[in-house]
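Q: Mind looking over this structure? Questions follow.
Computed from the coordinates by the stated procedures, all read-outs in this text should not be read as laboratory data. Values in this document were obtained by computation on a predicted structure and should not be read as measured data. We place every Cβ from the backbone using ideal geometry, glycine too, and count neighbours over all the protein chains shown.
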């Protein structure tokens, strides 16, 4: 592929997000999804910090890799609400403790 005709464009995602957040409809949609995504990010961060794969988390939880994959996807897609017990098992499998705070 000849790339001589193309100039790379730098995308400043933070600037774009700041600009988009000024639009009330975008901000409302962002705020609505923020809880789900922050929960997912915490789960993924815990797994990565523990250096575990989905398969390893599944073994520690006594379940299957596909169940762990569905759990992570269900939070991202808002297609389910994992139980407190399931989230606690996931946290413990990652060497963490599940704490819920209302702020």
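Q: So which helices (runs of 4 or more DSSP H) stay within the stretch 1-82 end to end and still have 2 or more residues that are under 20 Å from the mean Cα position of the chain (by Cα) and under 14 Å from residue 93 (Cα atoms)?
A: Working: elements: 13-20, 24-49, 54-61, 65-77.
The qualifying helices (runs of 4 or more DSSP H) are 24-49, 54-61, 65-77.
Q: OK, next. Among the numbered criteria (1) crowded, with 16+ Cβ neighbours inside 10 Å; (2) touching a helix residue (DSSP H, G or I) at 6+ places or on another chain (Cβ under 7 Å), which single criterion is violated by residue 36?
A: Result: residue 36 fails condition (1) only.
Q: Every residue in the stretch 83-101 that is out of contact with any helix residue (DSSP H, G or I) (no Cβ under 6 Å at 6 or more places or on another chain) and outside any loop (DSSP other than H, G, I, E, B), please.
A: Those that are out of contact with any helix residue (DSSP H, G or I) (no Cβ under 6 Å at 6 or more places or on another chain) and outside any loop (DSSP other than H, G, I, E, B): 84, 85, 86, 87, 88, 90, 91, 92.
Q: Another question about this same structure. Going by the conditions given, is residue 67 surrounded by 13 or more Cβ atoms within 10 Å (Cβ to Cβ), closer than 29 Å to residue 32 by Cα and in contact (Cβ under 8 Å) with a residue 24 or more places away in the chain? Please lay out each step first, then the result.
A: Details: surrounded by 13 or more Cβ atoms within 10 Å (Cβ to Cβ): yes; closer than 29 Å to residue 32 by Cα: yes; in contact (Cβ under 8 Å) with a residue 24 or more places away in the chain: no.
Considered against the rule, which asks whether it is surrounded by 13 or more Cβ atoms within 10 Å (Cβ to Cβ), closer than 29 Å to residue 32 by Cα and in contact (Cβ under 8 Å) with a residue 24 or more places away in the chain, residue 67 comes out as no.
Q: On to the next question. In the list 28, 20, which residue meets the criterion of being more than 17 Å from residue 80 (Cβ to Cβ) and either touching a helix residue (DSSP H, G or I) at 6+ places or on another chain (Cβ under 7 Å) or surrounded by 12 or more Cβ atoms within 10 Å (Cβ to Cβ) (or both)?
A: Of 28, 20, the one residue that is more than 17 Å from residue 80 (Cβ to Cβ) and either touching a helix residue (DSSP H, G or I) at 6+ places or on another chain (Cβ under 7 Å) or surrounded by 12 or more Cβ atoms within 10 Å (Cβ to Cβ) (or both) is 20.
Q: Take residue 101 and tell me if it is without any contact (Cβ under 8 Å) to a residue 60 or more places away in the chain, surrounded by fewer than 17 Cβ atoms within 10 Å (Cβ to Cβ) and within 16 Å of residue 38 (Cβ to Cβ).
A: yes
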